[in-house]
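The values are calculated or read from the model by the stated rules, or taken from the named source; none is laboratory data. Note that the coordinates shown come from a computational prediction; the quantities given were computed from them, not determined experimentally. When we count neighbours, we look across all protein chains shown, and the Cβ atoms used for this are built from the backbone with ideal geometry, even at glycine. When the accessible area is computed, the model is the full protein with side chains, heavy atoms only, and any ligands, DNA or RNA have been set aside. Shrake-Rupley method; radii C 1.70, N 1.55, O 1.52, S 1.80 Å.
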Amino acid sequence: MTHTTLAALTLAVLLAGCSGSEDKPLAAAQPITDGDSCHVCGMLIGELPGPKGQAYLNRDDAVRKFCSTTDMFAFLLQPENENRLSHAWVHDVAVTPWSRPADDAFILASEAWYVAGHDQRGAMGHTLASFRERHHAEAFSETHGGKVLAFGDIDLELLTELARANASMQHNGGMPGHAGHGSGMNGHAGHGGAMHGH
């Protein structure tokens, strides 16, 4: 009886240990170092302006760093990755300089608000401006243009549209606020009504 009880207790402890591993805290955002390169484009992250991203996939403790929020979403929305995300981090540019966001300004990407189609330049051109608070995103949008979106509103269609607008802007001399850049976002049918519920 004693051996049976001991075996049952050992099994209970082992099972508790297994279930506890699922409750472990989310891996933290890592500092951006001078040698870090973007997981998508290979550019050195620290040399580029605008908010950056970091992502952790399921069953993988390795962090993937991105030179922009746009590159991060481009990676996460690929069919082989979209169901593997554990969590991701982005900069809150309401509390850190756009030109060189600080490591202590990372927030959970899933809880952030984004502005797409604005006139600020990030890594490789346009990037999604990210904010912890919606009212900061709205204030940024009023100043710099663009549309406020939640994490779930961002899809490959939007990223494709932003890439087209960015290419058009570069073709037209790269002037921030060029009409061709912002006009596409204002008429983006797929996301225009999505924000009313947030």
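Tabulated values for the structure
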{"item": "Failed condition for ALA88, given (1) open to solvent by less than 70 Å² (accessible area, probe 1.4 Å); (2) farther than 19 Å from TYR114 by Cα", "result": "(2)"}
{"item": "Matching residues, the stretch 70-90, being over 8 Å from the mean Cα position of the chain (by Cα) and within 20 Å of GLU133 (Cα to Cα)", "result": "HIS87"}
{"item": "Residues of the stretch 108-158 satisfying the condition of being under 25 Å from GLU47 (Cα atoms), among the hydrophobic types (A, V, I, L, M, F, W, C) and modelled with pLDDT of 95 or more", "result": "LEU108, ALA109, ALA112, TRP113, VAL115, ALA116, LEU128, ALA129, PHE131, ALA137, PHE140"}
{"item": "Test: ALA55 is touching a His at 6+ places or on another chain (Cβ under 8 Å) and surrounded by fewer than 16 Cβ atoms within 10 Å (Cβ to Cβ)", "result": "no"}
{"item": "Residue within the stretch 91-113 that is more than 21 Å from THR33 (Cα to Cα), open to solvent by less than 20 Å² (accessible area, probe 1.4 Å) and not aromatic (Phe, Trp, Tyr) present", "result": "yes"}
{"item": "Strands (runs of 3 or more DSSP E) wholly inside the stretch 71-169 that include at least 2 residues being more than 19 Å from TYR56 (Cβ to Cβ) and of a type in the set (D, E, K, R)", "result": "none"}
{"item": "Scope the stretch 76-94; condition touching a residue at least 12 places away in the same chain (Cβ under 8 Å) and more than 19 Å from LEU149 (Cβ to Cβ); matching residues", "result": "ASN81, ARG84, SER86"}
{"item": "Tally of residues being assigned to a helix (DSSP H, G or I) and open to solvent by less than 70 Å² (accessible area, probe 1.4 Å) across the stretch 32-47", "result": "2"}
